[in-house]
1. With (1) closer than 29 Å to Val316 by Cβ; (2) at pLDDT 80 or above as the list, and Glu583 as the residue in question, which single condition is left unmet?
2. Look at Val117 and say whether it is surrounded by 19 or more Cβ atoms within 10 Å (Cβ to Cβ), at pLDDT 80 or above and within 25 Å of Glu202 (Cα to Cα).
3. For the range 602-623, enumerate the residues that are among the hydroxyl-bearing types (Ser, Thr, Tyr) and crowded, with 16+ Cβ neighbours inside 10 Å.
4. Looking at (1) under 22 Å from Tyr400 (Cα atoms); (2) buried (at least 20 other Cβ atoms within 10 Å of the Cβ); (3) more than 29 Å from the chain's Cα centre (by Cα); (4) modelled with pLDDT of 90 or more, which is the one condition that is false for Ile496?
5. Being modelled with pLDDT under 80, of a type outside the set (Gly, Ala, Ser), within 25 Å of Tyr536 (Cβ to Cβ) and within 25 Å of the chain's Cα centre (by Cα) is true for just one of Arg566, Arg607, Arg552. Which residue is that?
6. Can you find a residue that is among the β-branched types (Val, Ile, Thr), assigned to a loop (DSSP other than H, G, I, E, B) and touching a helix residue (DSSP H, G or I) at 6+ places or on another chain (Cβ under 9 Å) anywhere in the range 478-486?
7. Within the range 463-486, which residues are under 23 Å from Ile420 (Cβ atoms) and open to solvent by 20 Å² or more (accessible area, probe 1.4 Å)?
8. Give the range 82-101 a look and list any residue that's modelled with pLDDT under 85 and surrounded by 16 or more Cβ atoms within 10 Å (Cβ to Cβ), or say none.
Amino acid sequence: MKRTLVAVVLGVLLTHSGVRAADTYDLKPGFRENQSWSFEQTGEMQQTATMTAPGQPAGQPMQQRLRQTRKGTVTVLAARGGLPTSIRIQFEPSCGGTMEGGGQQQAVPFAFAGQQVTLTRDARGQVQHDAQGEPDPAAAAELAGYFPTADAYPSGPVAIGDQWSPDLASLRSANQLGPQDPAEAVCQLVSVKRTGGAQVAEIRTTIKLQKRQDAMEMQTDMTMTSHVSLDTGLIVRSDSTGTFTMRGAQQMTDYAGQPMTVQVDGRGSSRIQLAVRERTAGQAQPATAPVAPPAGRAAAPAAAPVVPSAAAGQVVRYHKVSVQDQPNGIGGEAFSFLCPAGWQTEGGMLWRDHPAMPATVHLRVFNPQGLEQLESFPTLGFSWGGLLKPELGFPAGANYMGNEVRPPVETAMQYLKEIIVPRYRGNVRARQIGEQELPEWAKAVSQQTEQTPGVQLKSHAGKIRLAYTVDGQAVEEDLYCVLQTVLLPGANNMYIQSGERVHGMRAASGRLDESTRMMQTMVTSVRANPQWFNQYQQVCQALQKMQMQKIRTAGQISRIISESNREISDMMQASWERRQESEDRISRKWSETIRGVDTYYNPVEQRPVELPSGYRHAWVSGNGDIVVTDQASFNPNVELGGNWQTMQPQE
């Protein structure tokens, strides 16, 4: 469901602050402390999309329908200049939705159902909340959309029939539009009528958005009609409808991690209806009187990109980032990790034609105000030997069971130099300035790898350091890898090889070792979502049973995904827990080889977590954010608001 519709619906709350002439109205926000209203919102979105890969027939159209319900009560805790600075929302337990697709129907839970959530907004527009759990970015964005803004108000008095253009800043930000992406919106005062003893203004808003990403173009058209009480400033009802299309070529990767172009053609529609009933109008107060947030709920300052050092008094904050799977994959959160506040992410999950590894990750996390960057590269698979011979139709570069046919390499460093650098650093003149074996890391990975009788497994781990320039500035980058090599004597000595846990850490020349501490925290904090992990395991099992067949279409993978069971069995839960324990052990071994981190106990997630060394204090919030500081007097419960707990160091 479009999050921006929620923001627009609940944001255009207008009040009548005076009549300049008989038919002219001065529409301005007029929220007051203690003002309260209940709301009920229902929404439905349906879409149909077709994806066609190169050399394949057009795929079958995939249809999805999403229904959502939101009910609750909003209370203004503090206001300034007619706009709330702090609100409290009590969501009813019935909030949620359903998704239909592929002949299946599944529940779509709402992260805040049954919760009471307090939101605060500072002078720079940053919104913080005290919600329980770890909401994904989409849910957090929806939550922020309940905060009314001044974007849709006219700059001066308007008469019936007058039109005005609202401020598009929030709309553009919510839809992640680039500077060149067109966006337009027009509001019109249609009528002002007396209903039930109160004057009600009818306002119609039309919105057109276009977003171009690479060779993909998406267009959205929306129309919203709102009925606003001029006495209280509340929408008493609203009806929003929209259509959207997506066309063009989308870049994906094939089995070898190489880019491929998929043609996408999709369209859909949405409708959202809102009904609001005022409970109390609140207490009037001067519009210029500043009203502070409630005690203990001070708004947090805007997050700025930072590069930590053990400088006295520095406070470094990490946010929990949720990485979402592709809509044409399993969907939902695939995994999460801790990210420095202010850093940005690009990329995410990739699906490909590979029965053993149908999904992988290519993700870049970077400081937009510096040169620091962490990049996670796709896991690539290779096969060689046995019956894989050119005369039998398997020359070097061919595809066998999703793997690229290629002679094996001997070491992780060789894999990085011969495969990763040419494919992912070919656009820079990188020179190698160092390398190192990491045997303890390889041993930890080998111990958690399931052993199969008659199969010989060898693990090798290492890193290389590169030097090159970015925009004329010298940088250094460490590339890490665990190389897994399997020999199948029963298959005429066939080799299967994969480069796993491949990631690069980059910083300005001379600052890489210092910046590595922060990026270590990002790598070791990765946690797979158990719901996603459950379905992914089922998909892998189904594909491996079918691996003797030619699985060349996304339609078959999509069908398997739609038939997978979202319920997590005891066996799957135990598998996920074992995997997380193994990942923690592997992360500790990897960190021991690099050093520069300290281990703390996280009381929220009830597990150890590794954070940059050199700080004497660490705190964790209820939603998983972490703050480290050398400042003894700093208390995030006072400075940032929310519910923060101290984290104790572990030996």
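1. Of everything listed in (1) closer than 29 Å to Val316 by Cβ; (2) at pLDDT 80 or above, Glu583 misses just condition (2).
2. no
3. Tyr615, Ser621
4. Result: Ile496 passes all but (4).
5. Arg566
6. no
7. Lys463, Arg465, Thr469, Val470, Asp471, Gln473, Ala474, Glu476, Val486
8. Gly82, Leu83, Met99, Gly101
The values are calculated or read from the model by the stated rules, or taken from the named source; none is laboratory data. The shown structure was predicted, so the numbers you read here are calculated from the model rather than taken from an experiment. Glycine gets a Cβ as well: all are built from the backbone with ideal geometry, and neighbour counts include every protein chain shown. Just so you know, the surface numbers come from the protein's heavy atoms only, side chains and all, with ligands and any DNA or RNA stripped out. Shrake-Rupley method; radii C 1.70, N 1.55, O 1.52, S 1.80 Å.
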